[in-house]
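Visitor: My structure is below; once you've seen it, I'll send some questions.
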Amino acid sequence: MRTRIITIAAASILALGGAACTQAEQQQAEVNAEAAGDKAADVAAQTGEVVESGAMKAAQAVESGAGKVADKLEGNQAEAAAEGRPGAVDPATDTRVPAKN
């Protein structure tokens, strides 16, 4: 998106300044505009990679934290099921301890 804006801006500058410039100056301006567009594309790609790597790290942290919480809850449920507490689910068998009537 940013590259496109820069390219459009460069084309506009070339169009407006074209009447006042020599052919050689116009060609040099086109070369400069193209180089600027290429540089902008490189920067945009690098920025995308930085954002993606940050999102990856955040997802890994969430996954790790969720795994730790799941392990703790599983341990709590195993203990509760072993003690016969109604409503607890034994993680090993996936069976619920029935309510006492």
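Each row is one residue, and each column tells you yes or no for (1) surrounded by 10 or more Cβ atoms within 10 Å (Cβ to Cβ); (2) out of contact with any helix residue (DSSP H, G or I) (no Cβ under 9 Å at 6 or more places or on another chain).
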| position | (1), (2) |
| --- | --- |
| ASN32 | yes, no |
| GLY37 | yes, no |
| ALA41 | yes, no |
| ALA66 | yes, yes |
| ALA81 | yes, yes |
| ALA88 | yes, no |
| THR93 | no, no |
| LYS100 | no, yes |
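Visitor: With respect to ALA92, determine if the residue is free of Cβ contacts under 8 Å to residues at least 40 places away in the same chain and outside any helix (DSSP H, G or I).
Guide: yes
Laboratory data are not the source of any read-out in this text; all were calculated from the coordinates shown. What you see is a predicted model, and the numbers here were worked out from it, not measured in a lab. We place every Cβ from the backbone using ideal geometry, glycine too, and count neighbours over all the protein chains shown.
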